[in-house]
1. Just to be sure I understand, how many residues within segment 90-113 are farther than 19 Å from SER143 by Cβ and free of Cβ contacts under 8 Å to residues at least 40 places away in the same chain?
2. Of the conditions (1) in contact with a strand residue (DSSP E or B) (Cβ under 7 Å, 6 or more places away or on another chain); (2) over 20 Å from TYR173 (Cα atoms); (3) not small (Gly, Ala, Ser), ARG153 clears all except one; give me its number.
3. Any residue at all in segment 156-172 that's free of Cβ contacts under 8 Å to residues at least 60 places away in the same chain and on the phi > 0 side of the Ramachandran plot?
4. Kindly list, by first and then second residue, each pair from a residue in segment 114-131 that is touching a residue at least 12 places away in the same chain (Cβ under 8 Å) and surrounded by 12 or more Cβ atoms within 10 Å (Cβ to Cβ) to a residue that is among the aliphatic types (A, V, I, L, M) and not in a loop (DSSP other than H, G, I, E, B), limited to pairs with Cβ atoms under 6 Å and residues at least 6 apart or on different chains.
Amino acid sequence: MLQTLYRKRFRQSILAFGFCLGSTLLLSACSSFSSRQSSTNTGNFNPSGSARIAQFQNDTSAGNEDISIAAIGLVDVPYRWGGNTPNGGFDCSGLIVYVYKKTTGIQLPRTIQEMSRSGKAIGQQAPAPGDLVFFNTSGEQYSHAGIYVGKGRFVHAPSSGGTVRLERIDSPYWAARYTEARRIKNN
């Protein structure tokens, strides 16, 4: 019963996102991406982090938009350490493994450290929806990750007590901790 409810919610989320995405694409010709940064330093903000995320002002397509749609459909699922299903909750790597397996059939490694060696680093290329974004949140170069969904936003499962969230990569917190983005090829 609960599984049916999650499937229904997932389908509804995908349909709603598809409608919103279509509307956004239609209106995008009239809009522009803004990367305004606060003029005040907020403690942990690293100005060089801002330079490292400059490529997020432009998006490209690698044909992986279905990954983004699936990830956005899981926003608000509870965080659970070691979690890897919508019913049981997600941690950051569990969310990524689940989304990639369900949408592409690709089985990614379960840890962020191993995942950081998958695919290819995009360097200064424009990111694409479906790319993995990595962060240093604990002193390790690869200690957290999410799925880039376009327009400077990513989906991730942030911490204990929280839920899967959609956030801006150019916020001071995430910009200062950004490590790299990697593209996983869907053969």
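1. Total meeting the criteria: 6.
2. Just one mismatch for ARG153, condition (2).
3. The answer is no, given that none of the residues of segment 156-172 is free of Cβ contacts under 8 Å to residues at least 60 places away in the same chain and on the phi > 0 side of the Ramachandran plot.
4. ILE122/ALA181; PRO127/ALA181; PRO129/VAL149; GLY130/ILE67; ASP131/ALA181
Listed here are the residues, each with its yes/no results for (1) at pLDDT 50 or above; (2) closer than 21 Å to VAL133 by Cβ; (3) of a type in the set (Phe, Trp, Tyr).
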| residue | (1), (2), (3) |
| --- | --- |
| THR24 | no, yes, no |
| ALA51 | yes, yes, no |
| GLY63 | yes, yes, no |
| ALA71 | yes, yes, no |
| PRO78 | yes, no, no |
| ASN87 | yes, no, no |
| VAL97 | yes, yes, no |
| GLN107 | yes, yes, no |
| ALA121 | yes, yes, no |
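The values are calculated or read from the model by the stated rules, or taken from the named source; none is laboratory data. Keep in mind it's a predicted model, so treat the numbers as computed, not measured. Heads up, the Cβs are rebuilt from the backbone with ideal geometry, glycines too, and the neighbour counts pull from every protein chain shown.
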